[in-house]
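No lab work stands behind these numbers, since they all come straight from the coordinates. Bear in mind the structure is a predicted one, so any value in this text is a computation, not a measurement. Reconstructed Cβ throughout: ideal geometry from the backbone, glycine too, with neighbour counts over all protein chains shown.
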Amino acid sequence: MMAEQFQTAGKRAHGPALPFVVRAARMDDVRAIYALLQFFAGRNLLLGRSLSSLYDHLRDFKVAVAADNDRQVLGVCSLHICWENLAEIRSLAVAESFQQGGVGRALVLACLDEARNFGISRVFTLTYQPEFFKKINFRPIDKNELPHKVWSDCINCPMFPDCNEESLIWEAGE
């Protein structure tokens, strides 16, 4: 099944489940993606992205949108290719009222499908939510095992150099 065709129902904090679809991000999603990322960046839960960066890297992003309103962005995730056989899951954010309903999982799985389509068999993440990723077959990895190239965004992080994110990796076939 193609990631863009993935459809399911996510739990809501209040009210019935809302069916959603995961698809490639589009230009008209950028402002909603920006607002969602800024919300969590303001809580030091992820690294914020500028509007310029979002436009520059729009092709990296997947969004989960309400099945009946594809302008209602429920969540976002990015697959950033770092090297020949290495990519990063970054900018995973799900609106608070749609957390715990499978939206984040669907977004990450869509990104992993895309990695497979590119022939990438290793995908890492830096996260404050390691248990979430462990449920999707990511395992801990020492940050020092990752190429130095992956740290280029770290210098822009307010937590640098005292980062306490955990690094995890997914490898095809595990």
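Structure data summary
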| item | result |
| --- | --- |
| Neighbours by Cβ (under 6 Å, 6+ apart or cross-chain): first from the range 34-47, under 19 Å from Thr125 (Cα atoms) and without any contact (Cβ under 8 Å) to a residue 60 or more places away in the chain; second charged (D, E, K, R) and in a loop (DSSP other than H, G, I, E, B) | Leu37/Arg49 |
| Test set (1) more than 30 Å from Asn144 (Cβ to Cβ); (2) in contact (Cβ under 8 Å) with a residue 12 or more places away in the chain - Cys111 fails condition number | (1) |
| Evaluation of Glu84 against (1) closer than 14 Å to Arg23 by Cα; (2) free of Cβ contacts under 8 Å to residues at least 24 places away in the same chain (one fails), failing number | (1) |
| Whichever residue in the range 51-99 is farther than 15 Å from Leu112 by Cα and polar (S, T, N, Q) and, among such residues, is surrounded by the most Cβ atoms within 10 Å (Cβ to Cβ) | Gln99 |
| Index of the failed condition, Val22 passing every other in (1) in contact (Cβ under 8 Å) with a residue 60 or more places away in the chain; (2) over 15 Å from the mean Cα position of the chain (by Cα); (3) within 26 Å of Glu165 (Cβ to Cβ) | (2) |
